[in-house]
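The values are calculated or read from the model by the stated rules, or taken from the named source; none is laboratory data. Everything numeric in this text was worked out from a predicted model, so none of it was measured. Backbone-built Cβ (ideal geometry, glycine too); neighbour counts: all protein chains shown.
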Amino acid sequence: MYKVNPAKYTGVTVLPSEIAEKHLILSSAAQLKVIIYAFSRAGGFFDASAISEGTGISVEEVNDALSYWQDMGFIMLSDDEVKIENTVHTEKEAVTETPAAPLKTKNAPIPKNNPSKLTYEEICTRIGESENIRILLNEAQLSLGRTVGTGDQSSLILLHDYYGLPVEVILCICHYAATKGKATNMNYIYKIGVDWSQREIDTIEAADEELKSIEKTSAVWAQFCKESGIKNTVLTSSNEKYFSQWIKEWEFSVQMIVLAYEEMTAHTEKISFSYMHKILSGWYKKDIRTPEKAEEDKKNFILAQEKKALEKSGGKIRNRAEDIPPSDASYDIKRAEERARTSIPKVKKKEKR
């Protein structure tokens with residue numbers, strides 16, 4: 001256990017208890033540094049550049065943090081800045097506001113246009129008015145093992161408000177991303193969330209089944225790479241769709257997928273998963289599930305091609321000599337050849353003189 005050293009009470013910086021009670025969890029490290037610096041200068045003036053120098057945070061992050069604490073009511077603008085701010089607000093009010101994007105409701109189609117990122121003000125408003133959003137941002141930080149900045153907060157809130165995913169489903173995605181070493185990749189988390197929303201994976205049970213399916217696909221991909229000798233072990237999103245269909249929908253084994261790969265390499269120099277898809281699609285329609293049946297199907301195909309070629313030639317192999325028309329020449333070479341085969345030439349003996 002620890003306690004504060006009383007000897008260090010000289011030159012104390014006083015912070016409102018509300019910061020410790022409500023904002024320690026939700027605020028990022030940068031935001032906390034900024035507010036501590038601000039209260040250490042209580043009664044004086046400070047700007048973003050001064051805070052940046054005093055905390056080692058970039059000016060951009062400082063400005064974001066200042067906007068956050070201003071919205072929370074802990075800091076305010078100086079009189080000169082208030083005049084400028086009022087002028088800006090007056091100009092903004094003269095502009096017609098764009099209606100907010102509609103939120104996704106159950107069974108409603110998702111708009112094609114991607115939603116705009118939320119501003120600091122919009123994020124703060126949602127945090128202040130929704131307990132679910134506060135829980136989402138807090139638990140997301142715990143699952144990812146890091147603080148989530150403004151951009152990440154915007155993505156998480158949009159998955160909930162715009163795409164209609166429940167808090168527990170979004171947190172399930174965050175936990176999965178962390179186990180895959182992608183805790184810092186919010187774009188990865190966001191893409192999965194959008195995809196799940198479109199496919200209506202919006203319950204914890206459905207999410208659990210989907211994650212099991214993803215794990216199975218990843219395992220099959222790893223085994224396929226090992227047996228086929230493919231060096232690139234990264235499963236792209238486009239290839240993942242192929243493998244997911246081959247495994248989940250068509251229920252092909254790794255052995256059959258490798259066989260389709262070998263068949264593909266026999267006909268093309270470049271790796272083509274679309275070519276493999278055509279091969280496996282044909283086997284699926286014919287219910288070919290083993291290498292033996294695939295080999296038998298290949299032999300039947302070759303025999304069918306040969307039969308087709310034979311039928312096209314009239315049912316027999318034609319002799320080119322038969323295509324030579326009868327000759328009107330006085331000397332018939334065919335008759336000469338026939339006589340040479342059937343008769344023995346007689347040689348007359350010379351008479352002695």
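Kindly indicate which of THR147, THR125 is within 22 Å of HIS23 (Cα to Cα) and at pLDDT 90 or above.
The match here is THR125.
Filter region 149-161 down to the residues that are more than 20 Å from SER67 (Cα to Cα) and either of a type in the set (D, E, K, R) or more than 20 Å from the chain's Cα centre (by Cα) (or both) and list them by number.
Residue satisfying the conditions is ASP161 alone.
Considering only residues that are modelled with pLDDT of 80 or more and among the aromatic types (Phe, Trp, Tyr), look in region 23-45 and name the one that is surrounded by the most Cβ atoms within 10 Å (Cβ to Cβ). Break it down stepwise before answering.
Step one: list which residues in region 23-45 are modelled with pLDDT of 80 or more, which gives 29-40.
Restricting the remaining residues to those that are among the aromatic types (Phe, Trp, Tyr) gives 37, 39.
Details: TYR37: 20, PHE39: 16.
If we take residues in region 23-45 being modelled with pLDDT of 80 or more and among the aromatic types (Phe, Trp, Tyr), then TYR37 is surrounded by the most Cβ atoms within 10 Å (Cβ to Cβ).
Return the pair list, or none, for Cβ contacts closer than 6 Å from residues in region 191-213 that are part of a loop (DSSP other than H, G, I, E, B) to residues that are among the acidic types (Asp, Glu), at least 6 apart or on different chains.
ILE201/GLU210
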